[in-house]
Amino acid sequence: MTDARISRRRFIIDSTATVAGLAIGFELPNVTQHASAGTPNDPSAPLASPEIGVWVVIEPNEDVVFRIVKSEMGQGTITGLAQMIAEELECDWQKVSYEYPTPGESKKRNHVWGSYSTGGSHGIRQSERYVRQGGAAARMMLIQSAATRWGVPTHECFARNSVIFHSASGRSTTYGAVSSAASKLPVPIDVVLKDPKDWQLIGKPVHRIDNMPGKVTGGQIYGIDLKLPEMLIATINECPVFGGAVRRFDATEAMQINGVKKVVKVGDTAVAVIADTFWHAKTALEKVKIDWDFGANANVDSPAIKAFIEEGLGSQFAFVRTEAGNIKSAIAGAAKTLESTYFFPFLNHATLEPMNATARWTPERCEAWVPTQNGDNTLAAVIRASGLPAEQCDVYKLNIGGGFGRRGSHQDYTVQAVLIAKQFPGSPIKLIWTREEDMTQGRYHPVMMGRLTGTFDDRKNVTGLHIRLSGQSIRAATHPAKLAENGGMDPEVFQGLHGEGENAFGYQFPNLLIDHAMRNTHVPPGFWRGVNVNQNAVFLETFIDEMADYAGADPLAFRLAHLSNSPRTRAVLEAVADRIGWSKQAPSDLYRGIAQMKSYGSFAAAACELSVSDASQVKIHKIVAAIDPGYAVNPAQIERQVSGSILYGLSALFQEQITIREGRVEQRNFFDFDSLRLAQMPRVETLILQGGGEEWGGVGEPAMAVASPAVLNAIFRATGRRIRTVPLANSGFELV
């Protein structure tokens, strides 16, 4: 059993509401105010029942409401969190629902709900401990209340499915019947969590509690669907060259379009049209004559950016992250040296729902309705743009039609919505980006190159590896002050290549150096699903295959030989190899590849089987992916996340890229930034390993990183060509 000693201050109980019930909050200061939480489809609506706590509400009618601050983007985080609370609470899963508290209310209460950020595969793994503790404490109090009523010892009672039983007498009662009395009890100091072997709900593929029918029928309200009384619609045109500005604009023709209310300048860099419908706003915006000052970046193009980054591969200065032995001596004394250079492009998030936000501003209050991955960041953006004190601002979170990192750290669209609303006080203004605006004003996956150098002795034993990365730092753009804490280095560049921790480099080589030459461009980078582990896995795992070939070793055996201190990595590799039949001869027209990497606290590996026709037509027949996140909360959801992430990653591998010409993004829509079609998607088989331990890993991103190098390695087996530049379309390959 796992013991967790919890002080009374770390829970909240409030029995002052007009409807009696039990409410428990976890690891948070005492709070008795009512929350301004809404339902998922109407987040600004008042609560259906009075607020009597912070995290858990149990009402006399047996309804159980969980307060969730993480964002649901299809990944199933809300259901996973609810499963963990319900597991320890022993409540009726069919009675569970959830609500979103607002970040404004959290700020007023000294951030009682903790972080609102959902990204980095953190949704489950950073919350699991305290949500389980809260569920367990609530169960203990409910049981104690029933035991007191019956005059029996608590150890003779137990709970199942929101019902409390006394074994000796056969008596039973429900949670709702004792919730009022339980709310008056002191919070237990010693809370015992279930042993994982006793879990009944965690680890089960239970149905999701978010609005799945509504996603099918169109009933679910996303940000772009929101309707408010007297709402107007805006759309915007930002300077197409990053760093440019608006000199002047002429709105004469635009104002003649039916339904147009106003044409406004937004900051120094954009022009927006406010109208009664999106179509009227879009049509009018096309009529606005804008005189742009494109600035110094107007002459930058993709070849110049690549040359700038390539220069960093040979730079004498670089930030060192991981080092062992003496790589310079290893290179100097090597009997054989292998060297390969790789390129990974800018990528757009390309969410199905383009960026949008709704804002209403008055001199007294500013409210925003936003599909956001980070309510804290969104609220900060609203406060900053509104010019009002924090207590006069709030944000209502809406369902997200795709995030992938775009709707987290970067809140440019929220700022725009508020700035527009300030020029039309009192009316809710919904800003909707066109697809073209969304494609050309992104916060892109950073462009990166890698040069890998491997050294061998005269017996073909590996003596060293040098990984030089050159390219952008996301943190330099989003949190430049934090770089100073690491001497200017951005540790996130090295995902999958760290010396230890959740992104650890698992291979053991006598001499090792992993460093980064920072080369930032005018194109703004952002956190794109998987972030830096995407290119790092491609660079490393395809080069590992090259090293294995030179050494005359089987790619799997070579990896296992250099992973002697990484048993969980070995386990996922062996699992995918066994399932794909690695030890058996493949049919004559099929070729296999394999890859691994640890990231986001999870161990992942992939093996694929493909064929190539006409030298360039690639058909992936099967991908087997294994992931070990420590614990599997909802296996069905893990399978969906693995398949979906592989789709996202393969789209980038084969056909997606953002290129720059005259300082601006060339791609405009899905016709030139395309995703895989259903017929191109391979069959994906997911193997879930549970290594346990203290570390919980993520599942939304680790698997996508290993699928791409596995495919590249298989393509080499089929064609004899090592492809080191992404996307493969640039090398003439097509996925069929």
Cα-based Rg and Dmax for segment 356-479, in Å, come out at 21.6, 77
Relative contact order (%) - segment 63-197, alpha-carbon pairs under 8 angstrom, separation at least six: 26
As a test of reading the structure, rank Arg683, Arg475 by solvent-accessible area (1.4 Å probe, protein chains only), most first. Arg683, Arg475
Take the Cα atoms of the chain, build their convex hull, and give its volume per residue in Å³. 169
Mind jotting down a quarter of the surface of the convex hull over the alpha carbons of segment 207-272, in square nanometres, one decimal? 8.0
Assuming 0.36 nm per residue, please report the length gained on full extension of the stretch Tyr550 to Thr252 beyond their Cα-Cα distance. 100.4 nm
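Could you tell me what percent of the accessible area of the chain is made up of carbon and sulfur, with a 1.4 Å probe and every protein chain present? Each step should come with its number before you reach the end.
On the way: 13800 of 27550 Å².
With neighbouring chains kept in place, the figure for the chain is 50 percent.
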For the chain the mean separation of alpha carbon contacts under 8 Å (6+ apart) over residue count, i.e. relative contact order in percent, is 13
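Can you give the FRET efficiency to the nearest 0.05 for Glu311 and His621, using r as the Cβ-Cβ distance and R₀ = 45 Å?
Approximately 0.65, to the nearest 0.05.
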Can you compute the modelled spin-label distance between Ala557 and Leu678, with each label point 7 Å from Cα toward Cβ, in nm? 4.4
With all protein chains present and a 1.4 Å probe, how do Arg570, Arg171 order by accessible area, largest first? Arg171, Arg570
Taking only Cα atoms of segment 339-401, what ratio of Rg to Rh do you get with Rh as the Kirkwood inverse-distance radius? 1.24
If you count only protein heavy atoms with a 1.4 Å probe, what accessible area per residue comes out for segment 408-506, rounded to a whole Å²? 30
Stick to Cα atoms and the Kirkwood definition of Rh, then tell me Rg/Rh for segment 489-575. 1.01
Can you show me the helix-derived [θ] at 222 nm for the chain, built from DSSP H runs with n ≥ 4 at -39,500 (n - 2.57) apiece and divided by the number of residues, rounded to the nearest 500. -8000 deg cm²/dmol
Explain nothing, just the number: relative contact order of segment 621-736, from Cα pairs under 8 Å at least 6 residues apart, as a whole percent. 44
Which Rg and Dmax, in Å, describe the Cα atoms of segment 249-369? 25.6, 76
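With the other protein chains left in place, how much accessible area per residue, in square angstrom, belongs to segment 77-204 at a 1.4 angstrom probe?
Per-residue accessible area for segment 77-204 comes out at 37 Å².
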Å² per residue, accessible surface of segment 658-736 at 1.4 Å: 42
Can you tell me the length gained on complete extension of the stretch Asp198 to Ala298, counting 0.36 nm per residue apart and subtracting the Cα distance? 29.8 nm
Suppose we keep just the DSSP beta bridges with both residues in the chain; what percent of those would be antiparallel, to 5? 75
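For segment 196-309, take the alpha-carbon Rg, divide it by the Kirkwood Rh, and send me Rg/Rh.
That ratio is 1.25, to two decimals.
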Relative packing of 549-560, 138-149, which averages over residues the other C-beta atoms within 10 Å, highest first: 138-149, 549-560
If the chain between Glu230 and Ser97 were fully stretched, how many nm would it gain, using 0.36 nm times the residue separation less the Cα-Cα distance? 44.8 nm
Roughly what percent of Cα-Cα pairs across segment 568-688 reach past 25 Å? 34
Residue pairs, from the table Lys197/Lys584; Lys215/Lys262; Lys204/Lys622; Lys204/Lys227; Lys95/Lys194; Lys108/Lys430, whose Cα atoms sit over 31 Å apart: Lys197/Lys584; Lys215/Lys262; Lys204/Lys227
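The values are calculated or read from the model by the stated rules, or taken from the named source; none is laboratory data. Here the structure is a predicted model, which means the values were calculated and not measured. Cβ: placed from backbone, ideal geometry, glycine included. Neighbour counts: every protein chain shown. Remember, those area values only see protein heavy atoms, side chains included, never the ligands or the DNA or RNA. Shrake-Rupley method; radii C 1.70, N 1.55, O 1.52, S 1.80 Å.
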